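Undergrad: Handing you a structure now.
Values in this text are rule-based calculations from the coordinates and carry no lab data. Being a predicted model, the structure only gives us computed values, none of them experimental. Counting neighbours? That spans all protein chains shown, and the Cβs are built from the backbone with ideal geometry, glycine included.
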Amino acid sequence: MKIGVLLDEPRIPLGFDYVFYEVKPSSGRILRPLPKAWNVVNCFADNTISQTKPDLIATCKGDRAVRGTPRRFLWDWICPSRAEYREYCLKIIQEVAQHDVAGIRLDSVCFPREGYCDCKVCTEVQKTSGKDLIEWRADQIGSFIREVRDSVSCELGLTIEPDPCYGKERFGLDLEQIVNYVDFVSTPLYMDYSIVYWLDILANCFRRKFSKPYFIELYAGYPRAPTKHLVSALAVASNYADCVVLSTYEASLTETLKRELARDEEVWKFLEERNCSEVLRILRDWKKRP
Ligand SMILES: [Zn+2]
């Protein structure tokens, strides 16, 4: 098993196989690419474009997919059918790829939810396609990922919504189609890890869905949960994932966490009892070179 970290600052902490850096967060700001890191590009989540070009926001029966609405979107969603916005994203991705990056991970590549988007463009294009709505939506997302694959030569990862059952119907995510264009698939399984029962069910379910490497992202940022909860999540995720990514977002927190995990005897005991040899190997490495 590999270990990764997700940061929103341009740093490369030691002791990780994969360092993810948010080069285009959902805020829509475009930051300077970070060489040697996996640069994360948010595609259809963009709180800047939603302000400057509000007519590009995805819609459903008069509702717009923006923050603060009754549907509680975490960010603003752009309609995936707009050629000008797709082109804008592709250009950013191509630019990032020029910077000797380890790879690029695509985030928020989907429709915001079921029922979206019913804007004029989506309605017209779907009608002329002759395809039913579910297939057409999946094609809109699949074709975008394929266009990215065709336009850059670096490795590509993809984060999908953590719904193992209805990803296609709700988000336009047709796993069978899109795994062909990427080198790994990642799911953020962010939750309260005091009970890891649901984490186990979701991770197991995703693991069975495709044969490409599977990455699990665990929330490890502020506000900090008890370390023992995170360790039990790590133990569960290590049963299914090819790489577990700790989403600390901050480099200083990453170092604190590494130190705590490597030194805490209770953590070692817990992992030894569960035969988590891969996680223990990582902790041993962190202990050797803090
Ligand atoms: Zn639309």
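Undergrad: Could you tally the net charge around P25, taking each other residue with its Cβ under 10 Å from the Cβ of P25, Lys/Arg +1 and Asp/Glu -1?
TA: Combined, the nearby Lys, Arg, Asp and Glu give -2.
Undergrad: With a 10 Å Cβ neighbour count serving as the proxy for reagent exposure, in which order, fewest first, do T59, T123, T227, T256 appear?
TA: T123, T256, T227, T59
Undergrad: Right, here's the next one. Fully extended, how many nm does the chain gain between E87 and D17 (0.36 nm per residue separation, minus their Cα-Cα distance)?
TA: Between E87 and D17, full extension yields an extra 22.1 nm.
Undergrad: Same structure, new question: How much length is gained if the chain between K61 and D183 is pulled fully straight, taking 0.36 nm per residue apart and subtracting their Cα-Cα distance, in nm to one decimal?
TA: 40.3 nm
Undergrad: Roughly how many Å is it from the Cα centre of segment 257-283 to that of segment 110-134, as a whole number?
TA: 48 Å
Undergrad: In terms of Cα to Cα distance under 14 Å, which aspartates and glutamates are near enough to K127, apart from those fewer than 8 places away along the same chain?
TA: Cα-Cα hits under 14 Å: D118, E135, D139.
Undergrad: Cα-Cα over 22 Å: which of K2/K288; K61/K209; K2/K209; K24/K168?
TA: As for pairs spanning more than 22 Å Cα to Cα, those are K61/K209; K24/K168.
Undergrad: For each of S27, S153, S81, count neighbouring Cβ atoms within 10 Å of the residue's Cβ, then give the residues from fewest to most.
TA: So the ranking, lowest neighbour count to highest, is S153, S27, S81.
Undergrad: Give the residues of segment 195-223 whose amide nitrogen is closer than 13 Å to a point set 7 Å from the Cα of S277 in the direction of its Cβ.
TA: Answer for this model: none.
Undergrad: Follow-up question, since we're still on this one. Taking the DSSP beta bridges in the chain as the whole, what percent of them are antiparallel, to the nearest 5?
TA: So the antiparallel bridges in the chain amount to around 10 percent.
Undergrad: If the chain between Y197 and Q98 were fully stretched, how many nm would it gain, using 0.36 nm times the residue separation less the Cα-Cα distance?
TA: Extra length from Y197 to Q98 when fully extended: 31.4 nm.
Undergrad: From the residues V244, I12, G221, which one has its Cα farthest along the dipole of segment 2-251 in the positive direction, the dipole being from +1 and -1 charges on Cβ of Lys/Arg and Asp/Glu about the Cα centre?
TA: Ranked along the dipole, the leading option is G221.
Undergrad: For helix 83-97, report the angle its Cα long axis makes with the longest principal axis of the Cα atoms of the chain; keep it between 0 and 90° and round to the nearest 10°.
TA: So the inclination is approximately 30 degrees.
Undergrad: Just add up the charged neighbours of T48: K/R +1, D/E -1, any other residue whose Cβ is under 13 Å from the Cβ of T48.
TA: +2
Undergrad: Here is a follow-up. Normalised by the residues of segment 2-251, what does the relative contact order come to in percent, with Cα pairs under 8 Å and at least six apart?
TA: 19 percent
Undergrad: Neighbour counts of other C-beta atoms within 10 Å: give me R281, R105 arranged from fewest to most.
TA: The order, fewest Cβ neighbours first, is R281, R105.
Undergrad: Hey, another quick one. Assigning unit charges at the beta carbon (Lys, Arg +1; Asp, Glu -1) and nothing else, what dipole magnitude in debye, to the nearest 20, does the chain show about its Cα centre?
TA: That gives a dipole near 280 debye.
Undergrad: Cα axis of helix 120-129 to longest principal axis of the chain: angle in degrees, 0 to 90, nearest 10?
TA: 80 degrees
Undergrad: Take the alpha-carbon centre of segment 51-95, take the same for segment 1-38, and report the distance between them in whole Å.
TA: 23 Å
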